[in-house]
1. Quick one: putting +1 on the C-beta of Lys and Arg, -1 on the C-beta of Asp and Glu, what dipole do you get for the stretch 115-203 around its Cα centre, in Debye to the nearest 20?
2. Within the P(r) computed for the stretch 1-45, what percentage of the Cα pairs occupies the region above 14 Å?
3. Among S169, C293, Q210, which residue has its Cα positioned farthest towards the positive end of the charge dipole of the chain, with +1 placed on the Cβ of Lys and Arg, -1 on the Cβ of Asp and Glu, and the dipole taken about the Cα centre?
4. Normalise the Debye intensity by I(0) for the stretch 149-264, one equal point scatterer per Cα, no solvent, then take log10 at q = 0.14, 0.17, 0.20, 0.23 Å⁻¹ and round to two decimals.
5. Send over the semi-axes of the stretch 1-160's equivalent ellipsoid, whole angstrom and largest first, taken as the square roots of 5 times the C-alpha gyration tensor eigenvalues.
6. Out of every Cα-Cα pair in the chain, what percent are more than 37 Å apart?
7. Take the solvent-accessible surface of the protein heavy atoms, probe 1.4 Å, and return the percent of it on the chain that carbon and sulfur atoms account for.
8. Kindly identify the stretch 42-102 as rounded, prolate or oblate by the Cα gyration tensor criterion: order the square roots of the eigenvalues as a ≥ b ≥ c, call it rounded if a/c is under 1.5, otherwise compare a/b with b/c, prolate if a/b is larger, else oblate.
Amino acid sequence: MDQKVKRIGVLTSGGDAPGMNAAIRAVVRSALARGISCVGIRRGWNGLIGSDFIPMDTSSVSHIIDKGGTLLYTARSDEFRTVEGQNKALSTCKLLGLDAIVAIGGDGTFRGALELSRRAAELNYKLQVAGIPATIDNDIGCSHYTIGFDTACNTAIECIDKLRDTMQSHERCSVVEVMGRHAGYLALSVGISVGATAVLIPERELNFEQDIVDKIRRARLAGTTHYMVVVAEGAGSTTEISQRIHEEVGIDPRVTVLGHIQRGGSPSAKDRETASCMGYNAVQAIAEHRGNCVVATQDGRLTVMEMEEALKMKKTFHMERYQILESLINNNCGLV
Ligand code: F6P
């Protein structure tokens with residue numbers, strides 16, 4: 001018979017994402033509602049290695065659901081990749097009497113959590129781990145959606161809508177770099193939402209003539225006088241792309257790198273609600289001893305999947321959405 005879960009640790013790791021605080025809040029409140037105490041581990045896995053933690057009660061997570069960032073701080077931990085680092089982390093877990101850890105972050109965070117749980121099992125210490133997918137990149141294989149993606153899209157869209165005003169006034173071309181690490185989900189969603197002239201993503205090999213030059217020329221013939229090129233940071237250098245547009249189209253683009261602004265801001269309704277439901281489901285899975293898991297979304301529905309299986313999953317990029325983008329560009333100048 002499994003022992004009742006008495007104490008859960010919660011941490012955020014990797015790049016922060018708007019909505020992480022909502023997830024922390026949901027984990028703490030759901031745990032307390034089940035009579036489970038909660039410990040906030042600060043600065044990701046380094047918090048376990050360096051014993052950097054705080055007790056969490058219901059008021060610890062008041063007034064944070066609308067705040068971007070993470071009140072537990074976050075970090076990437078090289079030491080946690082070492083055996084010594086994991087042993088230090090485990091001794092902290094034992095010291096704190098943790099029965100489980102909820103790790104909010106990307107798949108690298110989940111791998112670390114699984115490794116820790118396995119190392120604990122070798123010492124006959126049952127330490128369940130539950131992952132909550134949170135990254136603005138939306139690039140976690142097991143989940144169709146990751147916390148922070150919607151807010152980051154809205155932030156980028158708001159910035160590009162502002163850019164469009166001045167590009168229109170000066171009849172210019174804007175080349176905008178958005179985040180996404182090695183994925184193009186952010187760039188494609190933002191590109192569709194701002195009506196970009198062209199979108200460059202790592203998942204699609206670049207044909208400069210076809211993907212940029214021809215699109216600008218056709219848009220110009222269709223009467224458009226300003227052009228928006230959205231570039232995923234993993235798809236190439238905006239400086240080089242801008243230079244080639246200058247050389248091959250004869251216009252002088254302006255480059256804007258949105259950068260870390262996409263990681264901040266008050267989380268959107270979607271991110272707040274998703275984070276809250278994921279936090280609740282993570283605690284429920286732990287309390288019901290469902291083993292190491294990831295709370296993911298599949299086709300819009302929350303699902304709790306076995307962590308080892310979740311980490312094997314790959315995400316398929318839906319290229320048909322790229323076709324939708326292309327068919328909506330105002331470049332139907334009558335040329336077949
Ligand atoms: O993974 C989220 C992310 O914002 C990526 O889109 C980006 O490439 C990376 O983090 C930036 O990492 P850092 O915050 O360490 O500069």
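The values are calculated or read from the model by the stated rules, or taken from the named source; none is laboratory data. The structure displayed is predicted, hence computed values, not measured ones. For neighbour counting, all protein chains shown are included, and Cβ atoms are generated from backbone atoms with ideal geometry for every residue, glycine included. These area figures cover heavy atoms from the full protein model, side chains too; ligands, DNA and RNA do not enter into them. Shrake-Rupley method; radii C 1.70, N 1.55, O 1.52, S 1.80 Å.
1. 280
2. 53
3. C293
4. -0.50, -0.74, -1.04, -1.38
5. 26, 18, 14
6. 27
7. Carbon plus sulfur share of accessible area: 49 percent.
8. Since a/c reaches 1.5 but b/c is at least a/b, the shape of the stretch 42-102 is classed as oblate.
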